[in-house]
1. Give, in nm to one decimal, the length gained when the segment between residue 188 and residue 79 is fully stretched (0.36 nm per residue of separation minus the Cα-Cα distance).
2. Order these by the 10 Å Cβ neighbour count, fewest first: 39, 73.
3. Where does the chain land at 222 nm, in deg cm²/dmol rounded to the nearest 500, when only DSSP H runs of n ≥ 4 count, each adding -39500 (n - 2.57), divided by all residues?
4. For residue 238 and residue 96, what is the calculated FRET efficiency with R₀ set at 35 Å and r taken between the beta-carbons, to the nearest 0.05?
5. Pairing the Cα long axis of helix 166-178 with the longest principal axis of the chain, what angle in degrees results, from 0 to 90 and rounded to the nearest 10?
6. Could the peptides 185-198, 40-53 be put in order, highest first, of the mean number of other beta-carbon atoms found within 10 Å of their residues?
7. Quick one: 200, 287, 236, 146, fewest Cβ neighbours within 10 Å first, how do they rank?
8. So how much slack lies between residue 31 and residue 276, counting 0.36 nm per residue of separation and subtracting their Cα-Cα distance, in nm?
């Protein structure tokens, strides 16, 4: 909300300067006081719930006053055409941010549907992951599958979705591409639901992992060995995500719009698959070359 308040102050400055109205004074936005009140809470390491709620109330009041000033300037003859396309988009986003934050404040809530957390990227949603390093992540959520070393990007969404529903669609897409169902699928624990297991069993597909329910007391060595092999196979997709982040800059996307970000993510996986294909071609060439020299050595006489 502090960023939204600063943006509305810039919009007020632009509209007032373009209006050229010397009779009326420039609206007072109290920007220095608002900035100081924001920093008093933002600089605290762990502000209390009462302090945060009080700071939110004050920022809402400043934001409401600024939006009313913008409406008054527009009624006095100012035009939205004076704003750039970026500023006009931010003004629309700020109005929605004010509505969401006011709704959460009045109802003492911490969440709202389609919550905006960035003015320049309003399509980004907070995704609670519960990890040790960062409990909440921001960005696109991906659903991907790996087959013979190649990664297929099955779904990109800016909303938090439950990926267990994508298993059936991914298997059907695999059958459409290859003409047959896979012998086995190696998935994370979230995919191993009762419905997914039943669906795979009906089609003769073995799903990785132990059966649902309480773990049996005595597990055979064959079952343990098969579980370990399945986890090794599943690590392929985890390794691919790590490779995409470290080597192909998937973790450092600089795009702002949703469609350009999705394009950059797709190109990232495309380049990674092309690199894998190139490595296979090079390895095949060297295997053929060395096999030929071993079977038919070259003799030189001097």
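Laboratory data are not the source of any read-out in this text; all were calculated from the coordinates shown. These figures come from a predicted structure and were not determined experimentally. Neighbour counts run over all protein chains shown; Cβ positions are idealised from the backbone, glycine included.
1. Values: separation 109, 0.36 × 109 = 39.24 nm, distance 5.44 nm.
Here the segment from residue 188 to residue 79 would lengthen by 33.8 nm.
2. Values: 39 11, 73 23.
Ascending number of Cβ neighbours within 10 Å: 39, 73.
3. Details: 8 runs with 166 residues, N = 302.
Helix contribution divided over all residues of the chain: -19000 deg cm²/dmol.
4. Numbers: r = 37 Å, r/R0 = 1.05.
After rounding, the FRET efficiency stands at 0.40.
5. Taking Cα atoms only, the helix is inclined about 50 degrees.
6. On the way: 185-198: 15.4, 40-53: 10.4.
With the highest mean Cβ count within 10 Å placed first, the list reads 185-198, 40-53.
7. Details: 200 22, 287 10, 236 14, 146 18.
Fewest-to-most Cβ neighbours within 10 Å comes out as 287, 236, 146, 200.
8. Numbers: separation 245, 0.36 × 245 = 88.20 nm, distance 5.44 nm.
Result for the pair: 82.8 nm of gain on full extension.
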